[in-house]
1. Among the residues of the stretch 84-97, how many are modelled with pLDDT of 85 or more and either under 30 Å from residue 30 (Cβ atoms) or open to solvent by 60 Å² or more (accessible area, probe 1.4 Å) (or both)?
2. Please enumerate the residues belonging to the stretch 48-92 that are within 7 Å of the ligand (Cβ to nearest atom), assigned to a helix (DSSP H, G or I) and out of contact with any Gly (no Cβ under 6 Å at 6 or more places or on another chain).
3. I'd like to know if the stretch 45-63 contains one or more residues that are at pLDDT 95 or above, in contact with a helix residue (DSSP H, G or I) (Cβ under 6 Å, 6 or more places away or on another chain), open to solvent by less than 70 Å² (accessible area, probe 1.4 Å) and not aromatic (Phe, Trp, Tyr).
4. Only residues in the stretch 63-78 that are on the phi < 0 side of the Ramachandran plot and among the β-branched types (Val, Ile, Thr) count as the first member; pair them with residues that are part of a helix (DSSP H, G or I) and near the ligand (Cβ under 6 Å from one of its atoms), Cβ under 8 angstrom, at least 6 apart or cross-chain, and list the lot.
5. Quick one: in the stretch 26-44, which of the residues that are among the aliphatic types (A, V, I, L, M) and surrounded by 10 or more Cβ atoms within 10 Å (Cβ to Cβ) is nearest to the ligand (Cβ to nearest atom)?
Amino acid sequence: MSGPAAAPGPIPNDFWLGTSGDDLTPRAPLKGDINVDVAILGGGFSGLWTAYHLLKRDPSLEIAIVERSICGYGASGRNGGWCSPRFPVDPGALIRR
Ligand SMILES: Cc1cc2nc3c(=O)[nH]c(=O)nc-3n(C[C@H](O)[C@H](O)[C@H](O)COP(=O)(O)OP(=O)(O)OC[C@H]3O[C@@H](n4cnc5c(N)ncnc54)[C@H](O)[C@@H]3O)c2cc1C
C-alpha cells in the first residue's frame, strides 16, 4: 500500500494568492499529536471563519487549523470575488432543483 498523496502545491499565477504578499510556502507540518479544544480541517473560508467566530465568542479556546497545502489553496483562494446575497438562479429554478 502506498502512503498518503503528497499535498498539492500552490498555483503560482493565481490572482488572490499571487498578490497576497505571502511567499505561499506551506507551514511546517505538525510534529506529532496535539490537544486542542477544536480541530478544523481545511484553511478555506469555512475553516477560517469557523475559527474566527469561535474565538470571538470564546477567546480562551485553543483552535488548530490543519491545512494540507496552504490556507486559501482551495476555492477560497481562487474564486471570482463576487459578494452577493442572491442565488445566481431565479427562485423557480432553485425550487425545481
Ligand atoms: C472558480 C470558482 C469561482 C467562484 N466564485 C465565487 C464568487 O465569486 N463568490 C462566492 O461567494 N463564491 C465563489 N465561489 C465559491 C467559493 O469560493 C466556495 O464556496 C468557498 O471558497 C468554499 O470554501 P471552503 O472553505 O468550504 O472550501 P475550500 O476553499 O475548498 O477549502 C478547503 C480547504 O481544505 C483543504 N483540505 C482538503 N482536504 C484536506 C485534508 N484532508 N486535510 C487538511 N486540509 C484539507 C484544502 O486544501 C482547502 O484549502 C467560487 C468557486 C470557484 C471554484
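The values are calculated or read from the model by the stated rules, or taken from the named source; none is laboratory data. If you're wondering where the values come from, they're calculated on a predicted model, not measured in any experiment. Virtual Cβ from ideal backbone geometry, glycine too; neighbours counted across all protein chains shown. These area figures cover heavy atoms from the full protein model, side chains too; ligands, DNA and RNA do not enter into them. Shrake-Rupley method; radii C 1.70, N 1.55, O 1.52, S 1.80 Å.
1. Quick first cut of the stretch 84-97, residues modelled with pLDDT of 85 or more only: 89-97.
Filter again for either under 30 Å from residue 30 (Cβ atoms) or open to solvent by 60 Å² or more (accessible area, probe 1.4 Å) (or both), leaving 90-91, 94-97.
Of the residues in that region, 6 qualify.
2. First, the residues of the stretch 48-92 that are within 7 Å of the ligand (Cβ to nearest atom): 66-69, 71-83.
Pick out the ones that are also assigned to a helix (DSSP H, G or I) and you get 75-77.
The answer is 75, 77.
3. yes
4. Close Cβ pairs (under 8 Å, with a partner that is part of a helix (DSSP H, G or I) and near the ligand (Cβ under 6 Å from one of its atoms)) amount to 65/47.
5. Let us first name the residues in the stretch 26-44 that are among the aliphatic types (A, V, I, L, M), namely 28, 30, 34, 36, 38-41.
Right, trim to surrounded by 10 or more Cβ atoms within 10 Å (Cβ to Cβ) and you get 34, 36, 38-41.
Details: 34: 14, 36: 15, 38: 14, 39: 10, 40: 9, 41: 4 Å.
Per the criteria, the residue is 41.
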